[in-house]
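Engineer: Would you mind keeping the following structure in view while I ask a few things?
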Amino acid sequence: MALALRFGATQTLPGYLLLALSGTILSRIDLKTKLLPNRIVWPAFWIGAASLALASGTAHAWPNFARAALGALILFTTYLVLALISPAGLGMGDVKFAAVLGMYSAYIGWGTLFVTGLLGFLLGAIVALVVAATRRGQPTTTFPFGPSMFSGAILSILGSPKIVPFLFPFLPALH
C-alpha cells in the first residue's frame with residue numbers, strides 16, 4: 001500500500017512491489033537461517049532489472065536505469081569490500097542482496113542510494129545494541145543483516161522525497 005501511494009500507477013510500481021515481496025521473503029529466510037539464498041536473490045535482481053528497464057523504456061527514463069545499474073555496482077562493491085575485510089560480519093548473500101537494493105535505490109536518485117546504505121548500517125547497529133543491552137547474546141553473537149538492509153532500503157525509498165532533501169539540501173543533484 002505504501003509503495004502504491006509513493007509511486008502511484010506508474011510503470012515503476014510493479015518493480016518496487018517485486019522488491020517488497022522478494023525483500024520480505026529474503027528477510028524471513030535470513031532471520032531463520034542466516035542465509036540469503038541465490039535462488040531468490042538472483043531472480044529478484046534480474047527480474048527487477050528487466051522491470052526497471054521496461055519502465056525506463058516506456059517513460060523515456062534511461063538515465064534512471066543507467067544510474068540504477070551503477071548503483072547496484074556501487075553497493076555491491078562496497079559490501080564486497082566490507083565482507084572481505086570482515087567475513088564474520090557480512091556474508092556473500094548480503095553482498096548480492098546489496099546489488100538488488102542498490103539498483104532500486106539508485107533508480108530514484110543518488111541520495112536515495114546513499115540513505116539506503118546508511119540506514120541499513122544504522123538499523124543493524126541498533127539491533128546489535130538492543131541485543132547487547134538485553135544481554136541476549138555473547139560478544140561473538142551474530143545476527144542476520146538482510147532484514148536491516150531491506151528495512152533501510154524500504155525506508156529510504158518510501159521517504160526519499162523528504163529524507164534526501166533534508167539530509168542534502170546543499171546538493172540538489174542528489175534529490
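The values are calculated or read from the model by the stated rules, or taken from the named source; none is laboratory data. Just so it is clear, the structure is predicted and the values come from calculations on it, not from any experiment. Cβ atoms come from the backbone with ideal geometry, glycine included; neighbour counts cover every protein chain shown.
Engineer: Under 7 Å between Cβ atoms, at least 6 apart or on separate chains: pull out the pairs that start in region 86-108 with a residue that is under 22 Å from Leu158 (Cα atoms) and free of Cβ contacts under 8 Å to residues at least 40 places away in the same chain and end on any residue that is assigned to a helix (DSSP H, G or I) and charged (D, E, K, R).
Structural biologist: Ala106/Arg67
Engineer: Among the residues that make up region 78-101, is at least one of them within 18 Å of Phe7 (Cα to Cα), part of a helix (DSSP H, G or I) and touching a Ser or Thr at 6+ places or on another chain (Cβ under 8 Å)?
Structural biologist: The answer is yes, given that some residue of region 78-101 is within 18 Å of Phe7 (Cα to Cα), part of a helix (DSSP H, G or I) and touching a Ser or Thr at 6+ places or on another chain (Cβ under 8 Å).
Engineer: Continuing with the same structure: Do the conditions hold for Ala128, that is, is it surrounded by fewer than 21 Cβ atoms within 10 Å (Cβ to Cβ), within 24 Å of Ile47 (Cβ to Cβ) and not β-branched (Val, Ile, Thr)?
Structural biologist: No.
Engineer: Out of Ser148, Ser105, I need the residue that is farther than 18 Å from Phe45 by Cβ, in contact with a Leu (Cβ under 8 Å, 6 or more places away or on another chain) and either buried (at least 24 other Cβ atoms within 10 Å of the Cβ) or modelled with pLDDT of 95 or more (or both). Which one?
Structural biologist: Unique residue meeting the criteria: Ser148.
Engineer: Scan region 116-132 and give yes if some residue there is of a type in the set (A, V, I, L, M), within 28 Å of Gln11 (Cα to Cα), part of a helix (DSSP H, G or I) and touching a residue at least 24 places away in the same chain (Cβ under 8 Å), otherwise no.
Structural biologist: yes
Engineer: What are the residues in region 75-85 that are over 12 Å from Gly152 (Cβ atoms) and either under 11 Å from the mean Cα position of the chain (by Cα) or touching a residue at least 60 places away in the same chain (Cβ under 8 Å) (or both), if any?
Structural biologist: The answer is Phe76, and nothing else.
Engineer: Please tell me if Leu82 is of a type in the set (A, V, I, L, M, F, W, C), surrounded by 15 or more Cβ atoms within 10 Å (Cβ to Cβ) and more than 19 Å from Thr24 (Cα to Cα).
Structural biologist: So Leu82 fits the description; yes.
Engineer: Shifting gears a bit: Within region 63-83, does at least one residue satisfy the condition of being more than 22 Å from Leu21 (Cβ to Cβ), aromatic (Phe, Trp, Tyr) and in contact with a Gly (Cβ under 8 Å, 6 or more places away or on another chain)?
Structural biologist: The answer is no, given that none of the residues of region 63-83 is more than 22 Å from Leu21 (Cβ to Cβ), aromatic (Phe, Trp, Tyr) and in contact with a Gly (Cβ under 8 Å, 6 or more places away or on another chain).
Engineer: Would you check if there is a residue in region 41-56 being closer than 18 Å to Gly117 by Cα and either in contact with an Asp or Glu (Cβ under 8 Å, 6 or more places away or on another chain) or not basic (Lys, Arg) (or both)?
Structural biologist: Within region 41-56 (the criterion being closer than 18 Å to Gly117 by Cα and either in contact with an Asp or Glu (Cβ under 8 Å, 6 or more places away or on another chain) or not basic (Lys, Arg) (or both)), the answer is yes, since at least one residue qualifies.
Engineer: Let me ask something else. Taking region 16-71, which residues are among the small types (Gly, Ala, Ser) and touching a Pro at 6+ places or on another chain (Cβ under 6 Å)?
Structural biologist: Selection gives Ser27, Ser51.
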